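Written out below as structure tokens is the structure these notes cover.
What follows draws every value from the coordinates through simple rules; no lab data is involved. Given the structure is predicted, the values throughout are model-derived calculations rather than measurements. Counting neighbours? That spans all protein chains shown, and the Cβs are built from the backbone with ideal geometry, glycine included.
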Amino acid sequence: MKRMKGIRITLMGMLIVAPILSTTAQELKLPNISGLVNARYSWSDKEDATHGFDIRRVRLAVDGVLSDNIDYKFQAEYETSVKVIDAYLRWKIAPEVNVQIGEYKVQYSQETLSGPASWLTIENPTAVAQLNGYNDLSGLKANGRDVGVTLYGDLFDKVISYRVGIFNGNGINNKDNNNKKDFAGLLWLRPIEQLAFSVGHYQGAYGARGDEHVRNRTSAGVEYKNDKLTIRGEYLYGNTAGQKSDGAYVTAGYWIYDFVQPLLSIDYFKADRDYDESLWNYQVGVNITPIKKLRIQAAYTYTDNKVANDVNQFETQFILQF
């Protein structure tokens, strides 16, 4: 009798659980797997330059949804050694307020909104690279990323958008090495759909506890974009351990034949505003997308350097996404 009772309980449990498992299986979505391969050839007449080919980026990403309002993403790079560059969860509460936690891009410049597969130029403008966590004056090389938590959202039908967050300030895959957390925020105003103004600020410190140094950044940018024309410009200011720096760029590209985009770009950077040691880059280039997932770029850049010899540089690369 006890055995029969046990069988009846098991059968009843299966009848209760089966519909739940069936519903869960129907609702469960498998994660998306994507990535990119970026190969490059570069030539320069800089005295110590090395010419040739390299595999610049190899990335593999997994993203998916856990529920109607929670999604996630993991992304790693493999070109020299494996490193995680994105690992985060997002809780989409409402259009006006959402939460992101984990490792991802720190947004205090409009240039951090996009990645290499959609950049107009092959290289970041110098001011972005040196004041935005890519090849930062503070010594930080973190692909513009950090570990933290961010609130973000859109207001008034996306006329205003914002991102505000708290971060370790010590780059990717690193714990904080001091007890000071860094603030980063970015605000956009879109008076019309094609035009966006942005203002951003980063307030932080770097260095081990007891030996911290100021690392502050401020940006002001503008972008106009329609189906054919894109114009982007931004000014960035930095204070790195008391050293004041600034720089700016303007880039314009225009699509012709729907898959060819000639572009012009000018940027300058002054690592220390107390000295006349500015660097100017003048670039002409072209982006070609013969198929949706393949992007070919070529650019010639002339660098006018006040503290070193002027440089001529040619680069070409392709980015294949899958």
Take Tyr282 and Tyr78, extend 7 Å from each Cα along the Cα→Cβ direction, and tell me the distance between the two endpoints in nm. 4.3 nm
26 Å Cα-Cα reach of Lys228 towards lysines, excluding residues that sit fewer than 8 places from it in its own chain: Lys158, Lys292, Lys293
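Can you sort Phe156, Phe269 so the residue with the fewest Cβ neighbours within 10 Å comes first?
With the fewest neighbours first, Phe156, Phe269 line up as Phe156, Phe269.
Within segment 146-248, which GluC sites (Glu not before Pro) sit in a loop by DSSP and count at most 13 neighbouring Cβ atoms inside 10 Å? Show your work: numbers first, answer last.
Details: sites: Glu193, Glu212, Glu223, Glu234; in loops: Glu193, Glu212.
Here the sparse-neighbourhood loop sites are Glu193.
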So what's the angle, to the nearest 10 degrees on a 0 to 90 scale, between helix 2-27 and the longest Cα principal axis of the chain? 30 degrees
Averaging 1/r across every pair of distinct alpha carbons in segment 33-321 and inverting yields a Kirkwood hydrodynamic radius, in angstrom, of 20.1 Å
Rounded FRET efficiency, nearest 0.05, which uses the C-beta distance separating Asn177 from Arg56 and R0 of 35 Å: 0.75
Give me the distance in nm between label points sitting 7 Å out from Cα along the Cα-to-Cβ direction at Leu264 and Asp48, one decimal. 3.5 nm
Neighbour cut-off at most 13 other Cβ (10 Å), DSSP loop, trypsin sites (Lys or Arg not before Pro), segment 207-290: Arg209, Lys228
Once R0 is set to 35 Å, what does the formula 1/(1 + (r/R0)^6) return for the Cβ-Cβ distance between Lys306 and Lys29, expressed as a FRET efficiency to the nearest 0.05? 0.05
Relative contact order, percent, segment 33-321 [alpha-carbon distance under 8 Å, six or more residues apart]: 14 percent
Report the dimensions of segment 62-190 along its three principal axes from the alpha-carbon atoms, largest first, rounded to Å. 39, 35, 32
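Which order do Ser118, Ser219, Ser245, Ser34 fall in if you start with the one that has the fewest other Cβ atoms within 10 Å?
Values: Ser118 10, Ser219 26, Ser245 19, Ser34 15.
By the 10 Å Cβ count, ascending: Ser118, Ser34, Ser245, Ser219.
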Could you line up Leu137, Leu187 from fewest to most neighbouring Cβ atoms inside 10 Å? Leu187, Leu137
As straight-line cross-link partners of Lys181, the qualifying lysines (C-alpha separation under 21 Å, not fewer than 8 residues apart within one chain) are Lys105, Lys141
Tell me, how many Å apart are the Cα centres for segment 116-182 and for segment 47-77? 16 Å
Protection-proxy order for peptides 276-284, 41-49, each taking the mean of Cβ atoms within 10 Å per residue, highest first: 276-284, 41-49
